[in-house]
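One structure is given here, and the rest of the page talks about it.
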Amino acid sequence: MRGVDVEERPLVLIWELTQACGLTCKHCRADARPERHPDELTTAEGKRLLDQAADFGDGQLVVLSGGDPLVRDDVTELVEYGTRQGLGMTLTPSGTESLTPERIEALQDAGLRRMALSLDGGDADSHDAFRGESGSFEATLAAAEAARETDLPLQINTTVCAETVDQLPAIRELVADLGAVMWSVFFLVPVGRGRVLTQISPDRAERVMEWLHEVSESEPFGLKTTEAPHYRRVTIERERDGEAGENDGLQRRTGIRAGQGFAFVSHTGEMYPSGFLPESAGNVRSEGVVDLYRESALFQRLRDDSALEGKCGACPYRGVCGGSRSRAYAATGDPMGSDPLCSFVPDEYDGPLPATHGERVPTD
């Protein structure tokens, strides 16, 4: 985050190339299906989007996602084009047999900076059951090994819900064994097919985040959470010593969340604060991605901490956390409401709590 002004540019810009995918993952935000949508951004439109993304500034990070982005045959061309524009191009393909060593090598030669693969179980049975495809676990491990052999940095993404949470220790071991540089732990937002899954409780989430902080201190790979910005509050509290005040942690860190350091362009060009917050600020076919991020009323509101409501609005950590705006939207229809996964209650707050709220978390 150092040096990135989230008022001016996102830390992460995701472009959903397609919603087509051969898997039927239980948590799929896109509710993916095998067929491509006829109104997807074309190659030419995608290159124009990448040109605009470069206007954010040097090294803008762009994630090509899906569905399965490898369903499109222009992925390597787009990676090469974006790299020439000075963008940091990364990719999140599905763990299928289409992800061959040859294709991985071609993507790296085109300038791909990092590849992210998903593991949602510590073994084939648990992962394949969650992903809805026999053989996905082995295909993912094979792709991870191919990335390692070509020295392509690897990230592992994991979804946390009631069905996967007990698998986290085993997945942690896999992340280390695969030589991944980053473990991205995503806390379920109930959208798409994920609506039928069970979220863990706020109290369980708190314990998981405390464990993740311990993992971050003992493993060589980096660790970040997605749609769980209150992990930063947990980290601040765990790191605080007896003499440090609460504001020390608040001044040291700046967080990102939907619309604040994060933006998402759908397969048809709609600009969302996040793929998990499907409220459009406009379409990149008719409006520039930079203007939409900086000037749209939706994005500006999401970056206004004073507009947060409920206990998120009263929280002293709102500047470094602010709660998952996507989860608040999924739960209430209001992106500025309280994040129901966070169990922390500010000392001075006595207003309503989300329905799923657990016991008060002590502040010291």
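The values are calculated or read from the model by the stated rules, or taken from the named source; none is laboratory data. Because the structure is a prediction, the values reported are computed rather than measured. With ideal geometry, Cβ positions are generated from the backbone for all residues, glycine too; neighbour counts draw on all protein chains shown.
Hey, any hits in region 304-326 for a residue that's under 16 Å from the mean Cα position of the chain (by Cα), assigned to a helix (DSSP H, G or I) and either farther than 28 Å from GLN19 by Cα or of a type in the set (D, E, K, R) (or both)? Yes, region 304-326 has at least one match.
For every residue, the table says whether it meets (1) among the acidic types (Asp, Glu); (2) farther than 26 Å from ARG114 by Cα.
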position: ASP166; (1), (2): yes, yes
position: ARG172; (1), (2): no, no
position: LEU178; (1), (2): no, no
position: LEU188; (1), (2): no, no
position: ILE200; (1), (2): no, yes
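Quick one: is ASP166 closer than 25 Å to LEU17 by Cα, assigned to a helix (DSSP H, G or I), without any contact (Cβ under 8 Å) to a residue 24 or more places away in the chain and not small (Gly, Ala, Ser)? Spelling it out, it is not the case that ASP166 is closer than 25 Å to LEU17 by Cα, assigned to a helix (DSSP H, G or I), without any contact (Cβ under 8 Å) to a residue 24 or more places away in the chain and not small (Gly, Ala, Ser). Scanning region 146-155 for residues that are assigned to a loop (DSSP other than H, G, I, E, B) and of a type in the set (D, E, K, R) turns up just one, ASP151. Note on region 98-145: residues that are in a loop (DSSP other than H, G, I, E, B), in contact (Cβ under 8 Å) with a residue 12 or more places away in the chain and either polar (S, T, N, Q) or crowded, with 21+ Cβ neighbours inside 10 Å (or both) total 7. Any residue that is over 28 Å from ARG148 (Cα atoms), surrounded by fewer than 23 Cβ atoms within 10 Å (Cβ to Cβ) and touching a strand residue (DSSP E or B) at 6+ places or on another chain (Cβ under 6 Å) - is there at least one of those in region 36-52? Yes; the residues of region 36-52 include at least one that is over 28 Å from ARG148 (Cα atoms), surrounded by fewer than 23 Cβ atoms within 10 Å (Cβ to Cβ) and touching a strand residue (DSSP E or B) at 6+ places or on another chain (Cβ under 6 Å).
Taking each residue of region 74-85 that is within 11 Å of LEU49 (Cβ to Cβ) and looking for partners that are at pLDDT 95 or above and among the small types (Gly, Ala, Ser) with beta-carbon atoms closer than 7 Å, six or more apart or interchain, yields LEU78/GLY46; GLN85/ALA54.
Does SER338 satisfy being assigned to a loop (DSSP other than H, G, I, E, B), polar (S, T, N, Q) and free of Cβ contacts under 8 Å to residues at least 24 places away in the same chain? Spelling it out, it is not the case that SER338 is assigned to a loop (DSSP other than H, G, I, E, B), polar (S, T, N, Q) and free of Cβ contacts under 8 Å to residues at least 24 places away in the same chain. Pairing each residue of region 199-227 that is part of a helix (DSSP H, G or I) with any residue that is of a type in the set (Ser, Thr, Tyr), provided the two are 6+ apart or on different chains, yields C-beta distances under 6 Å for PRO202/SER343; ASP203/SER343; GLU206/SER343; MET209/TYR231; HIS213/THR235. Mind listing whichever residues of region 146-191 are of a type in the set (S, T, N, Q), surrounded by fewer than 20 Cβ atoms within 10 Å (Cβ to Cβ) and under 26 Å from PRO335 (Cα atoms)? Residues satisfying the conditions are ASN157, SER184.
Results for (1) over 16 Å from VAL189 (Cα atoms); (2) at pLDDT below 95, shown as yes or no for each residue.
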| residue | (1), (2) |
| --- | --- |
| LEU308 | yes, no |
| ARG318 | yes, yes |
| SER324 | no, no |
| ALA331 | no, yes |
| CYS342 | no, yes |
| PRO346 | yes, yes |
| GLY351 | yes, yes |
| ALA355 | no, yes |
| GLY358 | yes, yes |
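The listed residues are TYR329, TYR349, and the only one of them that is surrounded by fewer than 21 Cβ atoms within 10 Å (Cβ to Cβ), of a type in the set (Ser, Thr, Tyr) and within 25 Å of PRO202 (Cα to Cα) turns out to be TYR349.
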